[in-house]
Every structure is written in structure tokens, then in C-alpha cells.
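All remarks here apply to the structure that follows.
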Amino acid sequence: MHRLESNILHHAKKQREQRKYFINDVLNAGYNINPLTCLNCNSQEVTFNQHLNDAYCSECGTWQDESIK
């Protein structure tokens with residue numbers, strides 16, 4: 001692999017790693033974005049429920065939207 005190609009791949013990977021999506025991003029976008037990050041424990045084990053418009057973290061067991069209890 002050429003140096004330029006490896007440099008491009010490195011920057012693309014780093015950019016993907018830096019971006020974290022939260023429940024607010026999904027609600028603002030109007031569609032599901034993966035992977036979601038938990039607001040409480042920073043885990044990526046978050047599942048979005050379209051019927052509730054909320055996401056659940058399986059690591060810490062919390063719903064991401066505080067208005068739904």
C-alpha cells in the first residue's frame with residue numbers, strides 16, 4: 001500500500017472513531033444513527049426503540065431520554 005493510501009485510511013478511521021452519536025442526534029435527524037453512545041456510561045451498547053422514540057443502554061440499564069420513565 002502506498003503511503004498516501006495508508007494516510008487517507010488512517011484519517012478516515014480516526015474520523016469515524018471520534019464521532020459519537022447520542023439520542024439527541026437521532027431525534028434531530030429523524031432516523032436511526034448507529035452506533036449510539038450512552039449519555040451515562042459512554043457505552044455503545046445502546047438500542048433505539050422507534051415506538052418510544054427513546055434508546056436503552058444494556059450496560060447501565062438506563063433510558064436515554066429523561067422524559068420517559
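The values are calculated or read from the model by the stated rules, or taken from the named source; none is laboratory data. All values derive from a computational prediction rather than experimental measurement. Cβ atoms come from the backbone with ideal geometry, glycine included; neighbour counts cover every protein chain shown.
Within the range 30-54, the set of residues being in a strand (DSSP E or B) and within 17 Å of Arg19 (Cβ to Cβ) comprises Leu36, Val46, Phe48. Every residue in the range 8-31 that is at pLDDT 85 or above and not small (Gly, Ala, Ser), please. Within the range 8-31, Lys20, Tyr21, Phe22, Ile23, Asn24, Asp25, Val26, Leu27, Asn28 qualify.
Out of the residues in the range 50-69 meeting the condition of being loosely packed, with under 14 Cβ neighbours inside 10 Å and either among the hydroxyl-bearing types (Ser, Thr, Tyr) or within 16 Å of Gly30 (Cβ to Cβ) (or both), tell me which one is modelled with the highest pLDDT. Among them, the one singled out is Ser58. Scanning the range 24-41 for residues that are surrounded by fewer than 12 Cβ atoms within 10 Å (Cβ to Cβ), under 12 Å from the mean Cα position of the chain (by Cα) and free of Cβ contacts under 8 Å to residues at least 12 places away in the same chain returns a single hit, Asn24.
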